[in-house]
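The values are calculated or read from the model by the stated rules, or taken from the named source; none is laboratory data. All values reported here derive from a predicted model rather than from experimental measurement. Note: ideal-geometry Cβ built from the backbone for every residue, glycine included; neighbour counts use all protein chains shown. Just the protein is used for accessible areas: all its heavy atoms, side chains included, with ligands, DNA and RNA removed. Shrake-Rupley method; radii C 1.70, N 1.55, O 1.52, S 1.80 Å.
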Amino acid sequence: MSHDPAPQRAQQPEQPRLMRSEGARRSEVAPIELFFDLVYVFAIIQVSHTLLAHLSWLGVLEVALLFGAVWWAWNYSAWAMNWLDPGSGLVRVLNGLLMLAALGMSLGLPHAFAEDGLLFATCYVAAQVGRAAFMAVALRGHVLAKNYTNLLAWSTSAGVLWIVGAFLDPTARLVVWLVALVVDVAAPRFEFRFPGLGSAPMHTWPTDPEHLAERNRAVFIIALGESILIMGFTLSELDPITSRAVVATLLGFVGLFVLWWAYFALAGPDTQASRGDASTRALRSAFAY
């Protein structure tokens, strides 16, 4: 008497080797991520000092643009590590290369609208394009590979503008780089829709809200800490230290403490971002924009 074979379960697609595995420590921020964030201490210091050296409306606009590029490079790196296995050697090498690119951006930042424009633009484009290309290859077989292919197309398009702008005079460079930054920042709003590739809707980016929340808390602490350092160094270099400078420093410190209180103390020690809306669209608005 023959028996029908048991129905076979549909095989699930195999998870790419470089993806984070599910588990109790999936949301934990790994040492390589914390190490990566250290280079942005220098980047934020460069942003602050560049603004101090160009205290004009034009200087504010230029530094705001440069900060936008620095932030977007960090932002996309943090999101990439939301999916990548931090224990992988290849992922660690990727982070090392992205750190090197961020260091180059930081070195070129003070004179990005002068002689170091090409250094800044090249390092930024290398990070944005290289990261997206790595993800598209490393996650092949997963929906994220297709999504990163769309992102790669957007980053490459913006990258052309960044590189072209580096060869123009400062005024034209500012205009072209503003357009390039708008292209970069607008990509998620348009769900990375690109001719011939379709779109990559937000619901197709499976995210870990706790991990993203912790990464953003860490970089915010870096920004607050750097602000305290620059206030302290500026005050210590004054001779004599005037009462106006002391009052300004106290007001600055109070402002930073209020920012910390609002971001950390009011939220409480629990970083469970999933208590609210944990959709990727909500996370994009909260942590990217």
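The residue among N147, I163, V93 whose Cα reaches farthest toward the positive pole of the charge dipole of segment 72-204, with charges on the beta-carbon of Lys, Arg, Asp and Glu, is N147.
Each principal axis of the Cα cloud of the chain was taken in turn, and the coordinate range along them, longest first, works out to 102, 47, 32 Å. Dipole magnitude for segment 209-269: computed about the Cα centre from +1 point charges on Lys and Arg Cβ and -1 point charges on Asp and Glu Cβ, it is near 140 debye. Karplus-derived 3J(HN,Hα) values for segment 72-78, using 6.51 cos²θ - 1.76 cosθ + 1.60 with θ = phi - 60°, are 5, 5, 5, 4, 5, 5, 5 Hz; glycine and proline are entered as x. Seen against the Cα atoms of the chain and their longest principal axis, helix 31-53 is set at about 30 degrees.
Each peptide in 73-80, 127-134, 172-179 gets a packing score, the mean of other Cβ atoms within 10 Å over its residues, and the list from highest to lowest is 73-80, 127-134, 172-179. Highest mean packing first, where packing is the average number of other Cβ atoms within 10 Å per residue, the peptides 149-157, 217-225, 230-238 line up as 149-157, 217-225, 230-238.
Among R244, R140, R26, the residue with the largest mean-square fluctuation in a Gaussian network model of the chain, with springs joining Cα atoms closer than 10 Å, is R244.
Given a Förster distance of 30 angstrom, what is the FRET efficiency for V60 paired with L197, based on the Cβ-Cβ distance and rounded to 0.05? Before the final figure, lay out the partial values.
On the way: r = 37 Å, r/R0 = 1.22.
My answer for the efficiency is 0.25.
Let me know the shape class of segment 51-135, please: from the alpha-carbon gyration tensor, a ≥ b ≥ c as square roots of the eigenvalues, rounded when a/c is under 1.5, otherwise prolate if a/b is greater than b/c, or oblate. Cα axes put segment 51-135 in the prolate bin. Using the Karplus relation 6.51 cos²θ - 1.76 cosθ + 1.60 with θ = phi - 60°, the per-residue 3J(HN,Hα) values for segment 240-250 come to x, 7, 7, 5, 5, 5, 5, 5, 4, 5, 5 Hz, with x marking Gly and Pro. In this structure the amide hydrogen of L84, modeled in the peptide plane, comes within under 5 Å of the amide hydrogens of R20, none closer than 5 places in sequence on its chain.
Per residue, the accessible area of the chain comes to 53 Å², computed with a 1.4 Å probe over protein heavy atoms only.
Rolling a 1.4 Å probe over the protein heavy atoms of the chain, with every protein chain left in place, gives an accessible area that is 69 percent carbon and sulfur. Between 0 and 90 degrees, the angle of helix 170-186 with respect to the longest Cα principal axis of the chain falls at about 30 degrees.
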